[in-house]
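The values are calculated or read from the model by the stated rules, or taken from the named source; none is laboratory data. All figures in this text were calculated on a predicted structure; none of them were measured in a lab. Heads up, the Cβs are rebuilt from the backbone with ideal geometry, glycines too, and the neighbour counts pull from every protein chain shown. SASA here: full protein model, heavy atoms, side chains in, ligands and nucleic acids out. Shrake-Rupley method; radii C 1.70, N 1.55, O 1.52, S 1.80 Å.
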Amino acid sequence: MHKPFPRPIDKPRKRAAAQLYLTDTPKLPVTIILFTADNITAERCFCLAPKQRKSTKRALRTSTLPQHKVLTLLGESKDSSNGMSETRNMDGHVANGSTNGVRTLRNGKRPFLIGVSGGTASGKSTVCKRIMEKLGIDNVAYMQRQVVCISQDSFYRELNEEEKVRALKGNFNFDHPDAFNNELLHQTLVDILHGQSCEIPVYDYCTHSSSGERFSTIYPADVVLVEGILVFYIPQIRNLFHMKLFVDTDSDLRLARRVLRDIKDRGRDLDHVLNQYTMYVKPAFEEFCLPTKKFADVIIPRGADNTVAIDLIVQHIKDLLNNQVAVPLPVSPTSNQFSSYSGDSSPASPRRNPADGHFKTPH
Ligand SMILES: Nc1ncnc2c1ncn2[C@@H]1O[C@H](COP(=O)(O)OP(=O)(O)O)[C@@H](O)[C@H]1O
Ligand SMILES: Nc1ccn([C@@H]2O[C@H](COP(=O)(O)O)[C@@H](O)[C@H]2O)c(=O)n1
């Protein structure tokens, strides 16, 4: 079990590089993460006024102060070493005691990222749901979940007017890698790996768009499941995963399930589903999704029906949460123009992929 926030600052001599994560919404708390040579060692949330945000950011940008000094600078009360004691904001107000309810990471370790891929309607979301159920996560409050799940579908890119018209007629290829905002997905995963809370767009399959106003918040979690048809396609994204699962379900069964689901949940009629399937979904599956199966560490035949595979994965996650499994660093992109992720704080040498460094769809 992770220790309650705030954790004792037990090694004040360690030098800390502080990083301040700002959200665009002034009312939300900011998160300050203290990195030391070996890992993230502390995380705090503060409610700062806009002016204070600016000056704090400036002060922390080049900070290599000892941790206790950084926390003093931030205005945290000295008696915060007690597990549930209060945390003071910069303006002197008492915060709610535990990062406004946001949990800290398992012993300050980086989150473990699991990619879950497979064809449309293969059961990716259902497999993730089963994993969460078996871990008992679905009964835990969002902010406190040790395991969370996000979908690549939240990262479909905005369409222009002409594309929207085509999409409404079933004439747009949503199964091509370029249909996604891959930079945003990549940056979100990088932020997640840094233990940061993220806001991800809420996607609407009926309008083929994200509203631009509705977001769901992903709070720091120890294990993050990321499911989607093409999560292993772009090397820079694929290489961020510590573990890769591929859900392998018979294609007739997938089509049958997709027809029912798209009519029931996604506002489609039979013609629309079948046309889109034959014109785009099936060819793109063969060209882009299926070839990524070879990157999987575990292939799950029959998806959620495969309880043996799911139980093994659940056991592995439990071992991880109990710290019985060493977490390797994911491969860090070498010269990625979009990335600020540098998984360089561990002595483990990352496996390099020769395709890294070019953040575009590798046709
Ligand atoms: N093992 C299963 N048995 C019966 N129905 C399933 C099974 N797995 C998934 N489904 C159903 O098939 C549809 C697609 O499953 P889903 O998990 O959403 O697939 P994906 O996330 O891969 O698109 C959903 O309606 C889901 O309820
Ligand atoms: N506006 C959209 C966006 C996506 N799709 C289809 O969704 C499939 C991916 O989601 P799964 O849950 O099935 O993995 C993909 O095959 C797209 O064709 C859509 O129809 N409309």
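For this structure, a couple of remarks:
- The H on the amide N of N306, modeled in the peptide plane, is under 5 Å from the matching H of no residue at least 5 residues off or on a different chain.
- Extended-chain gain in nm, criterion 0.36 nm per residue less alpha-carbon gap, I263 and V298: 9.5 nm
- Computed lengthening from D250 to L290, 0.36 nm per intervening residue step minus Cα-Cα distance: 13.2 nm
- In the full protein context, segment 123-180 carries 47 Å² of accessible surface per residue, based on a 1.4 Å probe and ignoring ligands, DNA and RNA.
- Sulfur and carbon atoms: percent of accessible area, segment 154-306 [1.4 Å]: 52 percent
- Taking every Cα-Cα distance in segment 158-227 and sorting them into 5 Å bins from zero, the calculated P(r) comes out as 3, 14, 22, 22, 17, 12, 7, 4, 0 percent.
- Simple label model, 7 Å out from Cα along Cβ direction - Q315 to E163, nm: 4.5 nm
- In this rough spin-label picture, where each label sits 7 Å from Cα along the Cβ direction, the Q187-D204 distance is 2.4 nm.
- Accessible area (Å², per residue) of segment 232-286, counting only protein heavy atoms and a probe of 1.4 Å: 45 Å²
- Under 11 Å, Cβ to Cβ, from R214 - net charge with Lys/Arg +1 and Asp/Glu -1: -3
- Alpha-carbon spread of segment 191-287, three principal axes, descending order, Å: 44, 31, 19
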